[in-house]
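This report concerns only the one structure given below.
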Amino acid sequence: MSFEPLIAQYGLLAVFIGAAIEGETVVFLGGVLSHRHLLPYWAVALAASMGSFCADQIFFFAGRYARQYPTVQAVLRKPAFVRVHELLERYPTGFIFAFRFLYGLRTISPIAIGTSKVTTAKFVTLNALAALIWGPFISGLGYVFGQSIEQAMGFLPLHQHVLVSLAAVVLVLVAVVAIRKYKLA
């Protein structure tokens, strides 16, 4: 089975959804795929920016208009929410611009911003600008490091690169879950 047609057909959608749900790892891998000339770089960067922007807008509006729902209430009770809110109060513009670059604060931050006095127009503008920087930056890292990955692993067939990449993503997710569980214990 050849992965190239699947990547060509669904790769940008996967980057869009991955940027919205997971973030950096999927976008980085999209950059690696663009290095392999399986997806156009600027399309990957734009899909990443749009996915990130859309997810952050949804979380912002959840904080702004859905505070009473149990899922949002659970986020509001997290210890990280207090830290995020303190940073937001001290540096509203800088924090809105930078939160997507801060590991572990990506989902909580737009919800916290939605509960604050920050206007919707300000958030949409800064969110769009930050997403337009984040998408090309993270996918660009994947593109640049695609050469190093190729040299380290050799020029393997695509399906072997995909399997190694999926294994790496699974390992990272397992590590994140283990770290979170350890911190909560």
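The values are calculated or read from the model by the stated rules, or taken from the named source; none is laboratory data. Bear in mind that the values here come from a model prediction, so they are computed numbers and not experimental data. Backbone-built Cβ (ideal geometry, glycine too); neighbour counts: all protein chains shown.
Exactly one residue out of 183, 117 is under 28 Å from residue 82 (Cα atoms), over 18 Å from the mean Cα position of the chain (by Cα) and either surrounded by 13 or more Cβ atoms within 10 Å (Cβ to Cβ) or at pLDDT 75 or above (or both): that is 117. For the range 24-74, the set of residues classified as under 18 Å from residue 122 (Cα atoms), of a type outside the set (A, V, I, L, M, F, W, C) and out of contact with any helix residue (DSSP H, G or I) (no Cβ under 7 Å at 6 or more places or on another chain) consists of 65 only. Residues in the range 82-93 that are within 16 Å of residue 117 (Cβ to Cβ) and either within 19 Å of the chain's Cα centre (by Cα) or not β-branched (Val, Ile, Thr) (or both): 84, 85, 86, 87, 88, 89, 90, 91, 92.
Taking helices (runs of 4 or more DSSP H) as the structural unit, those lying wholly within the range 14-129 and holding at least 2 residues that are closer than 30 Å to residue 143 by Cα correspond to 24-35, 41-65, 92-98, 108-115.
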